[in-house]
Amino acid sequence: MPITNSEFPITNSQLLITNQLINYTLHLADNTLILAQQNSEWCGHGPILEQDIAITNISLDLLGQARNFYQYAAELINQSTSQPINLLTSQPATEDTLAYLRDNREFRNCLLVEQENGDWAKTILRQFVFSNYQYLLYEKMQDSKDEALRAIAEKALKEVIYHLKWSSEWVIRLGDGTEESNQRINKAVIELWPYVDELFINAAYESALISNNISVDVASLKNLWMQKTKEIFAEATLGIPENIFAHKGGKQGMHTERLGYILAEMQFLQRAYPNSVW
Amino acid sequence: MSMQLHDFENSFQQKVDAEIKIEPKDWMPEAYRKTLIRQISQHAHSEIVGMLPEGNWISRAPSLKRKAILISKVQDEAGHGLYLYSSCETLGITREETINDLNSGKAKYSSIFNYPTLTWADMGAIGWLVDGAAILNQVMLCRTSYGPYARAMVRICKEESFHQRQGFDILLTLSRGTDAQKAMCQDAINRWWWPSLMMFGPKDSESTNTDQSMKWKIKRKTNDELRQQFIDMCAEQVKILNMHLPDKDLKWNTETQHYDFGEIDWSEFWNVVKGNGPCNKQRLEARRKAHEEGEWVREAAAAYAEKRKSRASAGNLEAA
Ligand SMILES: [Fe+2]
Ligand SMILES: [Fe+2]
């Protein structure tokens, strides 16, 4: 099925754009799904009942965003003549085939979100780093020429504003709390910092869509991100590490070993009982 | 007993009989307060421990939609725990004390949560049967004599019907699925049916607290009445699923206009209550672990709040 109305012949460049848009949308979806999946592990195990509810709420918000992105990606895939994704079945793509039937190398999430939960400090810091980025991303995405992305970002921004506020407050609370909490959040900073830079390096699918104002140029977000981080870290009495080697590759499908386990668990039922309705 | 105490007790009972809610500042018999603390805290713990068996499947939910529904369901239970801990606090016991009693093993919670969740169908069976049984109890408690408890129940009941519906929907989908899914569905019903019946507590003839609780209108229906109501309901609903309840004695009785049912294995019930259920250890350990590992977080939050307070008052001094 062609991607445009039949009166417009499909050009190669349009196809290329669609492919990149599919990749880009999947990247946005994978980021939010993997973080949602990880945060949800706290449900029932949080340090304080109210905070158990809060982190679970964030998980739910992210999952909702993931579903919106996957649904859009599925729509694009089903309309497209080329199938850039290896689907196990010839069935049309759905949010679930995309989440449950792609393997490790096809996921395009950044490495940050697949880093393990660790203690409360690490989970908090991961959330702060990500929400700070996501806030800037979604804010810019409201100017995207792609209507669907714009709509998803607009709705999600309200949620992310809260995530950023909540995680900022916790970074400050832990940094300026007790000696132990300060040590723990410092340790989290050291552990997570190698995964910060990847957020701000455009993948091919991001670069390709910048000129037509579809994607957000993530490189342009870094300064604002750093400004906010400095502000919060100052209040939290935390230092910002320098000269840390940056790991990347997640956005291109080169992940850490952990993602395989996350997917194995998440995809278990769909894999064990193929072609079933749940 | 002094004349005065006797008068208090009389006017208390008159209020209860007149369906006037008892409020935290009202005089109440010490035994009434104790019974309520025991019951409400047990109820709160059940909500919190109850998050574990279902939380066990959040990471493996088979579709994104089911995952979202399950997360918000389990999160609701955390909210119920919060409401109930707060209504317990109105009786003069802090949340911390109450939670300590759970972690030390002193306080009980519903034994149903000491059973394992082995397959996805268990998410359906829990919603349908466990939340279903809980709802009957909780609907009754909306009219309980203690005001804060009754009001907490009204809020909780609003959310509970969604819990039962999503559970039944999981089973309905499985029951219309592949053979493997149908088998999974029946297996879950087989495992959860009898423990669900035990949720209503011992038979009236064996129950020690029922009479007094009924007189105080803490309870408004007996264990056996609620259990029968539940069985009558489920025996009909299971037909929609094309499944059966694992009781060969289950039969409609035209005389009583209720379903007759088989003997409940009370030795199993008491065994689980005593701590010998399949998951008693794991559940309590999970709660303790969360509490212990959260200790430094709570300390940090308290320390930071303290710092802020003293900074604010120092700021006020400067301004003055
Ligand atoms: Fe509940
Ligand atoms: Fe419930």
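When only C-alpha pairs under 8 Å and at least 6 residues apart count, what is the relative contact order of region A:13-272, in percent?
On the way: 357 pairs, mean separation 62.6, N = 260.
Relative contact order comes out at 24 percent.
Under 5 Å from the amide H of residue A:142 lies no amide H of any residue 5 or more positions distant or on a separate chain, with H modelled from the backbone and absent for Pro and chain starts.
Phi angles across region B:193-200 convert, under the Karplus curve 6.51 cos²θ - 1.76 cosθ + 1.60 with θ = phi - 60°, into 3J(HN,Hα) values of 4, 5, x, 5, 5, 6, 4, 7 Hz, Gly and Pro given as x.
Only Lys, Arg, Asp and Glu carry charge here, each on its Cβ (+1 for the first two, -1 for the last two); on that basis region B:63-122 has a dipole of about 360 debye about its Cα centre.
Decide, for the protein assembly as shown, between rounded, prolate and oblate: order the square roots of the alpha carbon gyration tensor eigenvalues as a ≥ b ≥ c, take rounded if a/c falls under 1.5, and otherwise choose prolate if a/b is larger than b/c, else oblate.
oblate
When only alpha carbons are used to place a centre, region A:157-194 and region B:3-42 end up 47 Å from one another.
Pairs of alpha-carbon atoms within less than 8 angstrom and 6+ residues apart define the contacts here; what relative contact order does chain B have, in percent?
Numbers: 339 pairs, mean separation 57.3, N = 320.
The value is 18 percent.
Quick check: the distance between the Cα centres of region B:148-162 and region B:50-115, to the nearest angstrom? Spelled out, the Cα-based centre of one part sits 15 Å from the other. Of the GluC sites (Glu not before Pro) found in region B:226-320, those that fall in a DSSP loop while having at most 15 other beta-carbon atoms within 10 Å are B:255, B:263.
Only sites in a loop by DSSP and with at most 15 other Cβ atoms within 10 Å count here; which trypsin sites (Lys or Arg not before Pro) in region B:1-96 make the cut?
Values: sites: B:15, B:21, B:25, B:33, B:34, B:38, B:60, B:65, B:66, B:67, B:73, B:95; in loops: B:21, B:25.
Answer by residue number: B:25.
Relative to the Cα centre, what is the charge dipole magnitude of the protein assembly as shown, using +1 at the beta carbon of each Lys and Arg, -1 at the beta carbon of each Asp and Glu, and rounding to the nearest 20 debye?
Working: 65 positive and 77 negative charges, 43 e Å.
Dipole of the protein assembly as shown, to the nearest 20 debye: 200 debye.
Farthest towards the positive end of the charge dipole of chain B, among the residues B:6, B:314, B:183, is the Cα of B:314, using unit charges on the Cβ of Lys, Arg, Asp and Glu.
Taking only Cα atoms and a 10 Å spring cutoff, compute GNM fluctuations for chain A and point out the largest among A:78, A:223, A:68. Looking only at A:78, A:223, A:68, the largest GNM fluctuation is found for A:223. Ligands, DNA and RNA left out, the accessible area of region A:13-272 computed with a 1.4 Å probe is 50% carbon and sulfur. Distances between placed amide hydrogens fall under 5 Å for residue B:259 paired with B:232, B:253, all partners being 5 or more residues away or on another chain. Taking H placed 1.01 Å from N in the peptide plane, check which residues at least 5 places from residue A:102 or on another chain put their amide H under 5 Å from its amide H. Close amide H contacts, sequence-distant or interchain: none at all.
Checking the a/c ratio against 1.5 first, then a/b against b/c, what shape does the Cα gyration tensor give for region A:13-272? Cα axes put region A:13-272 in the prolate bin. Backbone phi angles across region A:184-193, fed through the Karplus curve with coefficients 6.51, -1.76 and 1.60 (θ = phi - 60°), yield HN-Hα couplings of 5, 6, 4, 4, 5, 4, 4, 6, 8, 4 Hz in residue order; Gly and Pro are listed as x. Taking GluC sites (Glu not before Pro) as exposed when their DSSP state is a loop state and no more than 16 other Cβ atoms lie within 10 Å, the longest site-free interval of chain A runs over A:117-241.
Apply the a/c threshold of 1.5 to the C-alpha gyration tensor of chain B and tell me whether it is rounded, prolate or oblate. It would help to have the intermediate numbers written out before the result.
Working: a/c = 2.14, a/b = 1.24, b/c = 1.72.
Because a/c hits 1.5 or more and a/b fails to exceed b/c, chain B counts as oblate.
Beyond 30 Å in Cα-Cα separation lie the following of the pairs A:187/A:248; A:140/A:187; B:65/B:108; B:248/B:274: A:140/A:187; B:65/B:108. Exceedance of the 18 Å cut-off in Cα-Cα distance is limited, within the set A:165/A:230; B:73/B:158; B:15/B:217; B:67/B:289; A:165/B:309; A:228/B:309, to B:67/B:289; A:165/B:309; A:228/B:309. Cα centroids of region A:108-150 and region B:236-303: 39 Å apart. Phi angles of region B:46-51 translate, via the Karplus equation with coefficients 6.51, -1.76, 1.60 and θ = phi - 60°, into HN-Hα couplings of 4, 4, 6, 5, x, 5 Hz per residue; Gly and Pro are given as x.
The values are calculated or read from the model by the stated rules, or taken from the named source; none is laboratory data. In this text, all values refer to a predicted model and were calculated from it rather than measured experimentally. All Cβ positions, even for glycine, are placed from backbone atoms using ideal geometry, and neighbour counts span all protein chains on display. Accessible surface areas use protein heavy atoms only, side chains included; no ligands, DNA or RNA. Shrake-Rupley method; radii C 1.70, N 1.55, O 1.52, S 1.80 Å.
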